[in-house]
Structure formats: C-alpha cells, structure tokens
Amino acid sequence: MDALISYLVNVISLGGTYALLALGLAVVFSVLGLINFAHGELMTLTGYVLLAGILTGQPFWLAVLVAVIAGGISAALMEFAAFRPVRNASGATLLMTSFAVSMLLQVLFQNGISPRGQAVPVPTWLTTSLSIGNSQISKVQIMSITVGVLSLLALKFFFDRSYWGWAIRAAADDFEIVGLMGVKASRLIMFAFLLSGLLAGVAGVLWVIQRGSVDPLMGFKPVLAAFIVAVIGGLGSLTGAVAGGFILSAIEIALQTWLPPNVMPYRDAVTYTLVVIILSIFPNGIFGKKSQEKV
Amino acid sequence: MQRKSGPSKVTKMVVSLSAIMLLSACATGEGEATATSSAPTTSEACTVKVGVAGSQTGGLAYIDVPNLEGFELWAEQVNAAGGIDGKFTIETVVKDTRSDAAQSATVAAELVAEGISILITPGDADPSIAAGQLAQDEGITAVSWFGSSPILPLAVGDHMFSNAFGDNTQAKVLADHATEMGYQNAYTLGSPDSAYTNLLPGYFKEAFEANGGKVVGEGTFSMGQASFSVIVDEIKALSPAPDVIMTPAYEPDFPTFIKALRGAGITAAVLGTDGIDSPTTLALADIAEGVTYTTAGVLKNEGAMSTFFTDYNAKYGKDPETIYAVTGYELGLTLDAVVKQAQSCDADAIWQAWSNLEGAQGITGTISYKGGDRMAIREVALVEIKNSERSLVGTFAPDPATVPKAQL
C-alpha cells in the first residue's frame, strides 16, 4: 500500500510538470506548426530570474511570480525577434530557428552568467516532508502536485471560457478558418507564445525547486521529455499533452521502481521502446488527428 | 554498462575523416604557416606550443573553464618572466570541444596539424579518449585537465596522462574513511551515463567490502533525470538501513539527490567525489552539512594557496570558485618541471620527461608520474562541509597495492 501511494505521488508530481511543459509546446504547435526547442531555455531563464529574485532578498512568492512572468514575456519577445521574420517559411526553417535560439541562449547563459550550475536557495519549509500513513512525502512534491493540478485546472477554464482560449483551440483544429473568422494571426501567435512562456515559467519554477539548482543546459532534458509527451498525446492536441505527460511519467516511475537492478541501466532504452510501441498502436498519438492528405 | 577499452569505430571514422580533411586543407595551402613544429631538439630557446582541446561550452565547461583560467594565469606569469628557465616560452592555442567526444577528436586533429608540442584534453575520460587517440598516433603527449577515470590512459596508450588522481584511488580514500567512521552498511548510487559515474561506485564497493563493510544496495540514475524520489524510497525500504551513502553524482544531479534524501528524513552520512567540490554544493546550506568528499585540495585563501588567490584575482577580478582553477595552474607547474627536465620543446623529449617526472611541486602538494599508471600520483584531500564551508579532514596517499584495479 505504501509503495502504491509513493508511486502515485511520484507519478502525479512528475506527470504534472511534464504536462505543463508539453502543453507549452502544444499551444505553439497548434497555431504555428512549430515544435519550439527553445522552450527549455525559457525554463532555464525562469530559473535564473527566480535565483536573482531570491538573492536580492525578494519574498519567495514574489520571486516566483516575477520568474513566471519573465518566462511569458521572454517567449513573446522570442516570437517577435526570431520567429515572426520567418513565419511564412517552411517548417524546417522554423525548426532550425528554434534550435538556433536555443543554442544562442545556452551560450549566453554560459558566458554571461557561468558555465557552472547555481544553487537556488528555497525556503526551509519546502525542504522537509509530511507523513501520510506510513509514507513520507516531501513538501516539494506536494507543492509540485498542487501547483501542477491548479495550473491545469486554470488552463482548462481558460480554454473553455475565454475568447483567446477558444481561438487557440480552434486554431489547433484549423488555423486558416480561425483567420477567416476575424482573429488576427499575429496577435493569436503572439498570445500563444506568451501562454507557452508562462507554462514554461511554471514548469521551470517547479523543476528548479525540485532540483535545487539552475544551470545553462538545464532545459535540454525537460524539452526532450516534453516533445516525447506531446508526440505520445498527439502533436497539437492539448488534451493529449496532459494525458501524455502522465503516461510518460507513469512509465518512467514504474520502471524506476520495479525494474530489476541488473536491467536498471537500460531504463531509458526500455522507456523509449515502450513509447515506440505506443506510437505503433497510435501512429498519430493517442489523441492525435488522423492526417489527411488531399491529392 | 562498462565503457569499451578504446575508441569506437564511429569515433575512429570521425577522427580519420577529420584528419583527411585537415591534411587536404594543408595541401591546398590553408594552415601552411602552422603545419610544421616549431620545436628544435636542442636546449636553445624555443616555444612550447600547447594545444588545448577543452570544453568552453556544454556540460564539461564547469571543469574545463576554471582549469584553463588557472593554466593561462601560469602561462602569463612564465612568459612575463622570460619563459621556463628563461628561454622556453609558452604559446597556448585554445579550441572549444563543446563537451562532445566527436568534436574533441576534430579539434585535436586541428591542433595536431598546427604542430603542437603537447595536447591538453577535457576533464572527462570519454572526450579525452577521442582526443588523446590523435595525439597518441602522432607521438604527442596528451594530458587531461582532471579526467579521473583510470581507464583513460589504458584506453589510449602510453602518451595519455591525466592531471588527476584515479577514481579508484579516491574511492579507496572514501572507503577507508567510511570504515574509520564505523559505518558498516553502505548504499551506492551511480549512473551508466559516464565512466566517472559508472565505475566509481564499484571501486568504492570493492575497497569498502575489503575493509569488512557491506554494500546493502546499489542504485542507478540517469544524468539530468527529473526526480530522485523513487531512489530515495528505495533507500528508505532497505533493511538493514545504510549508515552511509556514496555517490559520484555531481551537478545538477547531486543537489537534486541530496535535497530529496534529506527531505525524506534520511540522515545517513553522504560521501561524494571531486565533482561536487563547488560553490553550488556549499550553497545548499544545511542540506549539505556533513557531506564529505574527495578532492585535490581545500580551496581557501590561506597558506600555500593565498598567492594563487591574489594572482588569480588580479587577472580575473574574482576569486577562484573551484579547485579546478588550482589544478589547471598545477598542470602548468607540471609542464614547467617537465620542460626544465627535457630542456626542449620537442614532443618526444617532453613525453620522455613527463613519463619520468617525480616530485613536481604543485600548490596542493607534489605531483609525480614515474612508476605509476599515467594518472597523477598526488595526495587526495578529504573535505567535510561544515557551516557551508570546506573543512579539511586530512590528506591521503593510499598504498597502491590496496587500491582497486582499474576496470576497463
């Protein structure tokens, strides 16, 4: 029973972060058809802003808030400076642009801040754990779960009830039709990047608090995981991004918990094999639309 | 999963292709000015051309950048004094390997083609093997900044050295310390993602169990993984509970691991290795209190290190952050002793002198290679974090006969 509780807690806390990251990718993909690999660097930037806030003596909540907003604004600036000039170019050009932005930011972090990781001091109340039954759950995990679930609920409310939420969901189905209905493409794309950046900000804060440090290359692994999550769920599917987050998390945690020790070094290989099996059953992802090519 | 004993076919292909491309470039006139060695074989004045294939960017920059800063400080001082023995000046050619093994091979090929007398390789075994192979083939001495895996010289050949003590040696020091502290049950946590994180737990286990201790659990992690909660749950479930945990994890994994460990209320002692000797670990404050680790020396502005602090600060406008700045300077001091012995800038003379070096005076102690396995024979410092500061437990030079054998 304790093992099951621990498993569920680990799955939900990691899955929530994955879901937030994948949603950030999915929102941009739905309006621009682009997987933004610089999304991870938005997380890293959020981490450095959080660190700066804490080191300058700001209250923790204020440092977190400023860091998340910085993620959103940076994403909007990224769209304006890097992606808008090539918006009508091919998908390959957009993809290369996102890699270029990613590497540029990494080098800026390394040379402008430090190639070394920086410890992010978090309040001591976050470093202890709570007992639930015979299980002990760290407060960082409880915070991850709470923030993750609340963020996902807020997003659902936003997509269901707001004008821009409807517009993004509609764009995910058919971007051109949304344009024909009077939604300005530039504003929609800018808004999608802003939302994506805010999601990267929330995920970045959770990631940094859990890891305890921020380094220039921090964003690479999460964005890779988010990409896999988005593919599992179905590229462009917002529901799929959330589902994919929890599926990948459930696979990773299950393997880490129950894989025999002598097979453990092959855990990542087993994880990705399972992902391939899922994709062979659902070639467009679990919630992906079947692609139709008109001749 | 253990690393292969030599470079892969892919690496060799990349190396070969790079060499062919460079040779073609030279044949067409590009690089013509630097394709020949500037090294006479007499004791006349000459320039020691040092090729640095180091990581200015990427995951190894945290070790290579401070090493390079220390080395360049030494080179500047030597040249300002007229060179080693007043006649052997130092020219440093630096190229970025981007923490990538294939890029390390490409860069090494470029540097070899420029006629270097010695090659410095990244502070990790895998890219150093790729780069060192090029130097080995050309009869040029290659030295890793601080790659501590003892498989490094074995995998490359007799021209490959490291400025670091071996991982088997630092594991022996940690195991002896654990035994002395009365710890009986240990848990080790490694990662198959690098030779360093993969093999160190095994060296520790061998030495600790030879001392009479028992390793009750062995975990693995993926470098950069999101969470260590499952591993912490696994440690909590162990019976008997470990009284000491040894891990070669370093940034950013070590902070994540120890936060999760202490957050779950596990109070077992934690032993780490030289990768965690950084301000990031110290900044973990209470969480890292009591963590004990091996390193090259205690980075403090006092004693033999105070002059280095002053000079470093004068050049860079800041204090050194990690011991790797000191080890980079010490690599310069080692080269100083080697060239004094060789009285030449010739690559072969330097190799002969490097192989037979004894008692070169560094900042943290003496450095020798004669009679060893081409890993630096130097003392290992054991440091405990107390009140967020480094505190020296002692320095150790284990009897080589008791050190676990290097694993290929």
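Modelled with pLDDT under 95 and surrounded by 22 or more Cβ atoms within 10 Å (Cβ to Cβ) - does that describe any residue in the range A:79-91?
Scanning the range A:79-91, I find at least one residue that is modelled with pLDDT under 95 and surrounded by 22 or more Cβ atoms within 10 Å (Cβ to Cβ), so the answer is yes.
Given (1) crowded, with 24+ Cβ neighbours inside 10 Å; (2) more than 10 Å from chain B (Cβ to nearest Cβ); (3) touching a residue at least 60 places away in the same chain (Cβ under 8 Å), identify the lone condition not met by A:Leu206.
Checking A:Leu206 against (1) crowded, with 24+ Cβ neighbours inside 10 Å; (2) more than 10 Å from chain B (Cβ to nearest Cβ); (3) touching a residue at least 60 places away in the same chain (Cβ under 8 Å), the one that fails is (2).
Would you point out the residue of the range B:208-225, among those that are more than 26 Å from the chain's Cα centre (by Cα) and in a loop (DSSP other than H, G, I, E, B), that is nearest to the other protein chains (Cβ to nearest Cβ)?
B:Gly213
Kindly indicate whether any position in the range B:284-307 is under 29 Å from A:Thr124 (Cβ atoms), at the interface with chain A (Cβ under 9 Å from one of its Cβ atoms) and surrounded by fewer than 19 Cβ atoms within 10 Å (Cβ to Cβ).
Scanning the range B:284-307 turns up at least one residue that is under 29 Å from A:Thr124 (Cβ atoms), at the interface with chain A (Cβ under 9 Å from one of its Cβ atoms) and surrounded by fewer than 19 Cβ atoms within 10 Å (Cβ to Cβ).
Just name the residue that is nearest to the other protein chains (Cβ to nearest Cβ) out of those in the range B:273-283 that are closer than 21 Å to A:Val140 by Cβ and either crowded, with 24+ Cβ neighbours inside 10 Å or of a type outside the set (A, V, I, L, M) (or both).
So the residue we want is B:Thr280.
Got a sec? Which of B:Ile385, B:Ile367, B:Ile363, B:Ile323 is aliphatic (A, V, I, L, M), outside the structural domain of B:Ser55 (by TED's automatic domain parsing) and under 30 Å from B:Lys300 (Cβ atoms)?
B:Ile385
Would you mention how many residues in the range A:14-64 are within 14 Å of chain B (Cβ to nearest Cβ) and among the aromatic types (Phe, Trp, Tyr)?
2
Of the numbered conditions (1) within 9 Å of chain B (Cβ to nearest Cβ); (2) assigned to a loop (DSSP other than H, G, I, E, B), A:Gly285 satisfies every one except a single condition; which is it?
Answer for A:Gly285: the failing condition is (1).
In the range A:69-94, what residues are over 16 Å from A:Leu188 (Cα atoms) and outside any helix (DSSP H, G or I)?
Within the range A:69-94, A:Ala89, A:Ser90 qualify.
Given the structure, is A:Ser144 more than 8 Å from chain B (Cβ to nearest Cβ) and closer than 17 Å to A:Val9 by Cα? Talk me through it step by step, then tell me what you get.
Details: more than 8 Å from chain B (Cβ to nearest Cβ): yes; closer than 17 Å to A:Val9 by Cα: yes.
Taking the combined requirement at face value, the residue satisfies it.
One residue is enough: does the range B:141-154 have a residue meeting the conditions crowded, with 24+ Cβ neighbours inside 10 Å, outside any strand (DSSP E or B), touching a Pro at 6+ places or on another chain (Cβ under 8 Å) and outside the structural domain of B:Tyr203 (by TED's automatic domain parsing)?
Checking the range B:141-154: at least one residue is crowded, with 24+ Cβ neighbours inside 10 Å, outside any strand (DSSP E or B), touching a Pro at 6+ places or on another chain (Cβ under 8 Å) and outside the structural domain of B:Tyr203 (by TED's automatic domain parsing).
In the list A:Gln136, A:Gln106, A:Gln118, which residue meets the criterion of being at pLDDT 85 or above, touching a strand residue (DSSP E or B) at 6+ places or on another chain (Cβ under 8 Å) and within 14 Å of another protein chain (Cβ to nearest Cβ)?
Values: A:Gln136 fails: at pLDDT 85 or above; A:Gln106 fails: touching a strand residue (DSSP E or B) at 6+ places or on another chain (Cβ under 8 Å).
Checking each option against the conditions leaves just A:Gln118.
Quick one: B:Ala237 ticks every box in (1) within 15 Å of B:Leu189 (Cβ to Cβ); (2) within 14 Å of chain A (Cβ to nearest Cβ); (3) crowded, with 21+ Cβ neighbours inside 10 Å bar one, so which box is it?
Every condition holds for B:Ala237 apart from (3).
Which of the residues belonging to the range B:256-299 are out of contact with any Asp or Glu (no Cβ under 7 Å at 6 or more places or on another chain), at pLDDT 90 or above and outside any helix (DSSP H, G or I)?
B:Ile266, B:Thr267, B:Val270, B:Leu271, B:Gly272, B:Thr273, B:Asp277, B:Glu289, B:Val291, B:Gly297, B:Val298, B:Leu299
Enumerate the helices (runs of 4 or more DSSP H) found wholly within the range A:131-181, keeping only those where 2 or more residues are within 26 Å of B:Leu261 (Cβ to Cβ).
Values: elements: A:139-161, A:163-173, A:175-180.
The helices (runs of 4 or more DSSP H) meeting that bar are A:139-161.
Checking B:Ile350 against (1) under 17 Å from B:Ala75 (Cβ atoms); (2) free of Cβ contacts under 8 Å to residues at least 40 places away in the same chain, which single condition isn't satisfied?
Unmet for B:Ile350, out of (1) under 17 Å from B:Ala75 (Cβ atoms); (2) free of Cβ contacts under 8 Å to residues at least 40 places away in the same chain: (2).
For the range B:68-116, give me each residue that is in contact with a Leu (Cβ under 7 Å, 6 or more places away or on another chain), crowded, with 20+ Cβ neighbours inside 10 Å and not in a loop (DSSP other than H, G, I, E, B).
Of everything in the range B:68-116, those that are in contact with a Leu (Cβ under 7 Å, 6 or more places away or on another chain), crowded, with 20+ Cβ neighbours inside 10 Å and not in a loop (DSSP other than H, G, I, E, B) turn out to be B:Phe71, B:Trp74, B:Ala105, B:Ala108, B:Ala109, B:Glu110, B:Leu111, B:Val112, B:Ala113.
List pairs: first in the range A:155-175 and farther than 13 Å from A:Leu238 by Cβ, second among the small types (Gly, Ala, Ser) and surrounded by 18 or more Cβ atoms within 10 Å (Cβ to Cβ), Cβ under 7 Å, 6+ apart or cross-chain?
Cβ pairs passing all conditions: none.
The values are calculated or read from the model by the stated rules, or taken from the named source; none is laboratory data. Please read all numbers here as calculations on a predicted model, not as lab measurements. No Cβ is skipped: glycine too gets one built from the backbone with ideal geometry, and neighbour counts run over all protein chains shown.
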